[in-house]
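The structure appears below as structure tokens.
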Amino acid sequence: MTAPGRELPDLDALLAGPVPATGPTVSEGDPATGEWTVTRGEGFVIIPLRVGRPLTGVYAPEWTAAEEAAEAQLADLVRQLDDRYGPHRQVAMHVPLFRKIAGDPMPALFQALCDEDLLGDLVVWGPVPTGRPGASTRQLAVSLSQSDGDAPMILCAVVSDHPITELGEEG
């Protein structure tokens, strides 16, 4: 997990790092805590950049303050990435959520996001340069999610070798 202020260097490393060309989707956790640390699948990698503290037993105004702080962190990161890569685009997660609820199939990246309860809309840039020879561009996305009111807020990042596009209602 990224320390505060380390998001850009960690995103640079993620962009330049390996992305599986084939294979199943696999999630890994910290051996000591069991906390989710990375999910890799065909053409993508998802990591947590920041994980807030659990909000069990936390109520307004403290809960609201935690939510506002997480949203401010996302907004700050989006501004920095817009400065670096140009304007972002939004990719909504409501269709993948509905497909998850219905048990309908979806592309592996969206399935992996749903499996980790990373259901916040994606803020996407791309293609962006990787800084890696032989892998000239990739898609980059960030998202803020919370699986339920007691769970920590998670700022995550996605790097993909494939375009990250919104799923249609029927396709």
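Here are a few things to note about the model shown:
- Counted residue by residue at 0.36 nm each, then reduced by the alpha carbon distance between them, the extension gain from Val58 to Ile101 reaches 12.7 nm.
- Distant-in-sequence amide H partners of Ala157 (H built 1.01 Å from N, under 5 Å): Ile47, Leu49
- Neighbour net charge for Asp161 - beta-carbon separation under 14 angstrom, K R +1, D E -1: +2
- Simple spin-label estimate for Val38 and Ala13 in nanometres, 7 Å along Cα-Cβ: 1.0 nm
- Val26-Ala151 FRET efficiency (beta carbon distance; Förster radius 25 Å; 0.05 resolution): 0.65
- Mean residue ellipticity (222 nm) of the chain, computed from DSSP H runs ≥ 4 via -39,500 (n - 2.57), nearest 500: -9500 deg cm²/dmol
- Label-point gap, in nm, between Tyr85 and Glu166 - each point 7 angstrom along Cα→Cβ: 1.8 nm
- Charged neighbours of Ala75, selected by a Cβ distance under 12 Å, balance to -3 (K, R count +1; D, E count -1).
- For Ser147, net neighbour charge (Lys/Arg +1, Asp/Glu -1) across residues whose Cβ lies under 10 Å away: -4
- Long hydrophobic helices in the chain: the complete DSSP H runs spanning 24 Å or more by Cα along their own axis with mean Kyte-Doolittle hydropathy of at least -1.0 are 62-85.
- Charged-residue dipole, Cβ positions (Lys, Arg, Asp, Glu), the chain about Cα centre, Debye nearest 20: 540 debye
Read-outs throughout are calculated quantities, based only on the coordinates presented, and are distinct from any laboratory measurement. As the structure is a prediction and not an experimental result, all values here were calculated from the model. We place every Cβ from the backbone using ideal geometry, glycine too, and count neighbours over all the protein chains shown.
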